[in-house]
Amino acid sequence: MTDFGLSDKLIPLLKAYVIPLAIAVAGIILVVLLLRQLRQIWLAGKVRKACNVEVPKGIRIGRSRDAEDIGNFTLRFPYWQFPKKDGTADQRRSNNKINKPKSVLEVVGFSFKSKNPLTLYDFVLEMRHHGNAIGYSGMESFKRQRVIQRVKVRQRATSIQAIVDSFSSHPTDFEPFCADLYRRYGYRVSVTPPTNDGGFDLKLTKDDLTYIAECKCFDPNHHIGRPLLQKLVGANKTQQVQGLIFITTSSYSAQAITYARECNIQLVDGNTLVTMCQKVWGNALPQQAVNPSAFELTKDELLAQIPEDMQYRFV
């Protein structure tokens, strides 16, 4: 039998104590949330006055004890709790989830935090644009080293051997070097990934024509043979572009030259490469200052740090 007597005692108790308590707790929570929002509005006004910028949505403002003249920031990227080797989600785990560590900027007594590293980095660039000094992040420092190294390589590109020596410890940097060179000749150039490149290193476009190019940094005494050119022709069966280019620091065998004429492949040997470099970068150029904008991270560089299967969430 149902104990109606007990129910009759509980209902008045709920009405008298539990329900009012729940309403009071909900009211306190709403007040706390309102106060937090009002504090964000107040801090945004302080930031606007101190830094001359608007804080975008998705960034939480706080106070920082770090009041150094030069700000600093750390970019942190989301990741799967259970990833595969390539960083994407391990589909075998039903309880997999995305972890979103906060990226942090601290400058002039304020702290800014966001779970979206792209949002925070855009804000960093906006702060710098309005004259707020912010130091380089780890990624920017690494890019700065690479950019400066590329400038030094250009300045040393006065002989074939000098070019070869420049890439002896980092052979894969030869492809971006060639990409920079052809950009100076008016091409739009993209560099394929170091692995699974599809049989070519560069994709170039100019005057509504598209080309693919293979780049090989070999010893000047080496001779490129026909087989390497055939691989480039094979890659074009998929790409179907209008032109093929083979770029090397060495030279070509007679068979390779004949084959290139038959297949209309542009051959760039070591001597031609040096001449091209001298035309756009000069001969033994003095050390030149690099524009700091060259160290800025691109959207693609930032997205590359995020697993491919969650990138759409941050675009």
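The mean of 1/r over all pairs of different alpha-carbon atoms in the range 51-131, once inverted, gives a Kirkwood hydrodynamic radius of 14.1 Å.
Bridgeable lysines around residue 152 (alpha carbons under 24 Å apart, same-chain partners fewer than 8 residues away excluded): 143, 216, 279. Less than 20 Å apart at the alpha-carbon level, and either on another chain or at least 8 residues along: which aspartates and glutamates does that give for residue 49? Output for residue 49: 66, 68, 69, 106, 122, 126. Evaluated at q = 0.28 Å⁻¹, the base-10 log of the normalised Debye intensity for the range 154-223, with identical point scatterers placed on the Cα atoms, takes the values -1.27. Spin-label model, residue 170/residue 207: points 7 Å from Cα along the beta carbon direction are separated by 3.4 nm. Please give the helix 19-51 orientation as an angle from the longest Cα principal axis of the chain, in degrees from 0 to 90, rounded to the nearest 10. Value to nearest ten degrees: 40.
Considering only Cα-Cα distances, which of the following residue pairs are longer than 29 Å: 57/97; 113/299; 231/299?
Values: 57/97 24 Å; 113/299 19 Å; 231/299 32 Å.
Pairs exceeding 29 Å: 231/299.
For the pair residue 257 and residue 72 in one chain, pulling the backbone fully straight at 0.36 nm per residue adds 61.2 nm over the alpha carbon distance.
Among 72, 95, 291, the largest mean-square fluctuation in a Gaussian network model of the chain (Cα springs under 10 Å) belongs to 95. Stokes-Einstein diffusion for the chain, with the hydrodynamic radius set to the Kirkwood value over Cα pairs and evaluated at 37 °C in a medium of 0.692 mPa s, equals 133 µm²/s.
With the convex hull of its Cα atoms as the shape, the range 98-231 has an orientation-averaged projected area of 12.6 nm².
Once Rh for the range 13-152 is found with the Kirkwood sum over Cα pairs, what is the Stokes-Einstein diffusion coefficient at 20 °C and 1.002 mPa s, in µm²/s?
Details: Rh = 18.3 Å.
Using the Kirkwood radius from Cα pairs, D works out to 117 µm²/s.
Size check on the range 117-163: the Cα extents along the three principal axes, sorted descending, read 44, 21, 13 Å.
A crude spin-label estimate for the pair residue 125 and residue 293, with each label 7 Å from Cα along the Cβ direction, gives 1.0 nm. In the context of the full protein assembly, residue 113 retains an accessible surface of approximately 90 Å², using a probe radius of 1.4 Å and ignoring ligands and nucleic acids. As a rough guide to protection, the peptides 237-247, 161-171 ranked by mean Cβ packing within 10 Å, highest first, stand as 237-247, 161-171. Across the range 127-133, rounded Karplus estimates of 3J(HN,Hα) from the backbone phi angles (6.51 cos²θ - 1.76 cosθ + 1.60, θ = phi - 60°) give 4, 4, 4, 9, x, 8, 6 Hz, Gly and Pro being marked x.
For the pair residue 36 and residue 238, label points projected 7 Å from Cα toward Cβ lie 4.9 nm apart.
Where does helix 4-13 land angle-wise versus the long Cα axis of the chain, in degrees 0 to 90, nearest 10? Roughly 70 degrees between the two axes. Against the chain, whose longest principal axis comes from its Cα atoms, helix 226-239 is set at around 40 degrees.
The values are calculated or read from the model by the stated rules, or taken from the named source; none is laboratory data. Computed from a predicted structure; not experimentally measured. All Cβ positions, even for glycine, are placed from backbone atoms using ideal geometry, and neighbour counts span all protein chains on display. Just so you know, the surface numbers come from the protein's heavy atoms only, side chains and all, with ligands and any DNA or RNA stripped out. Shrake-Rupley method; radii C 1.70, N 1.55, O 1.52, S 1.80 Å.
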